[in-house]
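The values are calculated or read from the model by the stated rules, or taken from the named source; none is laboratory data. Note that this is a predicted model, so its numbers are computed, not measured. Backbone-built Cβ (ideal geometry, glycine too); neighbour counts: all protein chains shown. With ligands, DNA and RNA removed, areas are computed over all heavy atoms of the protein, side chains included. Shrake-Rupley method; radii C 1.70, N 1.55, O 1.52, S 1.80 Å.
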Amino acid sequence: MTGLIRPDGTPLVASSAANRTTARYLRDTKSGAIASRVAPLTNSRDDIRRAWSRSAGLAMDLIQNSGRLKGACDQVIADTVGVGLTLTPDPDLTGLGYDDAEKADFIRLLKRRWKAYWLDKKECDMRGKLNGPQMVDIALRWDIAFGEVTGVFDFFDDADRSHYGITTGTKLCMVSPQKLVQETSTHEGLFQGVRHDGKGRPVSYRFETNSDGVKSKRDYAAFDTDGRPMVLHVFDPMDADDVRGISKLAPAFRKHIQAEMLDDATLQMALLQTIFAITITSDTPSADAYEALEILKEQGGDGVAFGKEYLGYLSGSLGAAADSRISVGADPQVSHLGPGEKLALETANVPGKDFLPFSNSLARDMARTIGCSYGGLTMDYTAATYSSVRMENSSIWSVVMRRRERIAAPICQMSYENWLDEEIGEGRIPFKGGYRAFRANRRRICCASWQGPAKPTADDWKAARASSERLENGTSSIAIETGDLGVDSDALFEEREREHERYLKAGMASPYAAKPDQQVVQMETVE
């Protein structure tokens, strides 16, 4: 700005704009930390399609070559399903002619027959090699490595049943997710092996099959004409448009590989330094001393005589040292050292003081990704306290429950629905109104929940006392408390009732009999 002056005659110069801090997203630092990280916006399902094969291969390699990851996978299975999920049927029989007693009998029959079917590998597995809980275990391992679970339902006719000596026809065949092809064709509605209709619903799945050594591709319908599921596909989506899942370990690949590199580098440094290093400190003259002796020798006279005497002394000392022996093997010994020599033992300097904190940080990152506790991954409870263990269990338990409901339970539920359809359809389980009534109300009759192992506690006595307090003040119920323990409330009641009557019949005091104070409360309630 020129041509302007102040009242005192001095020129008026525009001041430079002051740097002002503004509040906005992505406001960078002076070092340009945000600008240095390139992060293009992409579609989730496209990212999964590009990275699926590479992620699956890395995940399988890391799990197969890491005892820690293999143990973590086993821990995830144990936390989620234990030895197997327990069926708790909850059919809605309203308007179907069932009273409470008949409904209880129907539920009891479902539990008994389902358990016999699900634990018999010849009945539930198409290959006849795995029982139900084993298939769920494999599914959870696939969920960690591949990010999804796939399988195909089949049905054996009378000829097949007679041939294999089995009763039921409903079979589940677990098929590895890597057999679900990666093909994508927009005009066919096919994306990463899954074909969809115009509304985005799955219609069929394309698997790679191997028959008599000949590989081919085959499409399997997602549902049959009656709406029963024919393909098992379970995954935890990241986005609403996702078609397939991706390895649970994918976000932690970099950190885990860094941890392995840290361990390898630390071990190599320790080996180079050895468990202990041996050093010998000697007063023997160096090369400079020998050069000085050579100068004395050239001067002649007494210098020559002195040089000869000193060299003779060194020769005798070195000869005596040569006859000695230093051994650090199975029989360590130091027989003799030369004059002026000292023996010192030095320990290795690795791992340093920063090794454990950094290694533990990498382990926590991996544990968080897998969905298990840090202690469950590393078995390190060095600094653990009652409060820390309790908070760790509380925070991870919701993750375990979510994994049980989203991954493990749907596998059991699909199998249960197809099995129950066959059982009622073929008359092995009687149902009022027959198969026609069941088919019209299949959804609400097949309702069920699946219970797993109990929630871990840091102190069983404190946990039991808290449970009693909740029941006493009316903020909980028997079904809720037994569910946390992995026990079916109906089965518990029937077992207690059966044992109570057995004690009374034998003329013994029943441990389930009402206490005197409870009887007083009941009498007051009746009055």
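Given the condition within 15 Å of the chain's Cα centre (by Cα), at pLDDT 90 or above and under 21 Å from Asp90 (Cβ atoms), answer yes or no: does some residue in region 408-422 qualify? Yes: region 408-422 contains one or more residues that are within 15 Å of the chain's Cα centre (by Cα), at pLDDT 90 or above and under 21 Å from Asp90 (Cβ atoms). Only one entry in Asp242, Asp264, Asp212, Asp219 is under 21 Å from Ala72 (Cβ atoms) and either of a type outside the set (A, V, I, L, M) or open to solvent by 30 Å² or more (accessible area, probe 1.4 Å) (or both), namely Asp264. Looking at Thr80, Thr88, just one residue is of a type in the set (S, T, N, Q) and open to solvent by 10 Å² or more (accessible area, probe 1.4 Å), and that residue is Thr88.
If you go through region 449-478 and pick out every residue that is in a helix (DSSP H, G or I), more than 28 Å from the chain's Cα centre (by Cα) and surrounded by fewer than 16 Cβ atoms within 10 Å (Cβ to Cβ), you end up with 11.
Of all residues in region 117-149, those satisfying the criterion of being touching a Ser or Thr at 6+ places or on another chain (Cβ under 8 Å), within 30 Å of Asp47 (Cα to Cα) and among the hydrophobic types (A, V, I, L, M, F, W, C) are Leu140, Trp142, Ile144, Ala145, Phe146.
Among the residues of region 406-448, just one is touching a residue at least 24 places away in the same chain (Cβ under 8 Å), out of contact with any Phe, Trp or Tyr (no Cβ under 7 Å at 6 or more places or on another chain), more than 26 Å from Gly84 (Cβ to Cβ) and assigned to a helix (DSSP H, G or I), namely Arg439.
The number of residues in region 394-418 being over 30 Å from Arg444 (Cβ atoms) and crowded, with 19+ Cβ neighbours inside 10 Å comes to 1. Take the conditions (1) in contact with an Asp or Glu (Cβ under 9 Å, 6 or more places away or on another chain); (2) surrounded by fewer than 19 Cβ atoms within 10 Å (Cβ to Cβ); (3) among the hydrophobic types (A, V, I, L, M, F, W, C); (4) not in a loop (DSSP other than H, G, I, E, B); Ile34 misses just one of them, which is (4). Of all the residues in region 434-448, those that are of a type outside the set (Val, Ile, Thr) and open to solvent by less than 60 Å² (accessible area, probe 1.4 Å) number 8.
Under 9 Å between Cβ atoms, which residue pairs at least 6 apart in sequence (or on different chains) link something in region 100-126 that is more than 16 Å from Ile166 (Cβ to Cβ) and among the aromatic types (Phe, Trp, Tyr) with a partner that is open to solvent by less than 60 Å² (accessible area, probe 1.4 Å) and not in a helix (DSSP H, G or I)? The qualifying pairs are Phe106/Pro89; Phe106/Pro91; Phe106/Leu93; Phe106/Tyr98; Phe106/Ile429; Phe106/Phe431.
Among the residues of region 164-202, those that are part of a strand (DSSP E or B), closer than 24 Å to Ala51 by Cα and of a type outside the set (Ser, Thr, Tyr) comprise Met174, Leu180, Leu190, Phe191, Val194, Arg195, His196, Pro202.
Every residue, every condition in (1) touching a Gly at 6+ places or on another chain (Cβ under 9 Å); (2) at pLDDT 90 or above, yes or no:
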site	(1), (2)
Ala35	no, no
Arg49	no, yes
Val76	yes, yes
Gly84	yes, yes
Leu87	no, yes
Asp99	no, yes
Lys103	no, yes
Leu110	no, yes
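Being over 30 Å from Asp120 (Cβ atoms), in contact (Cβ under 8 Å) with a residue 12 or more places away in the chain and open to solvent by less than 70 Å² (accessible area, probe 1.4 Å) is a property that holds for Phe191.
A count restricted to region 53-80 and to residues that are part of a helix (DSSP H, G or I), within 18 Å of the chain's Cα centre (by Cα) and either farther than 30 Å from Asp484 by Cβ or among the basic types (Lys, Arg) (or both) stands at 13. Within region 217-268, the residues that satisfy the criterion of being among the β-branched types (Val, Ile, Thr), closer than 27 Å to Ser415 by Cα and in contact (Cβ under 8 Å) with a residue 24 or more places away in the chain are Val231, Val234, Val243, Ile246.
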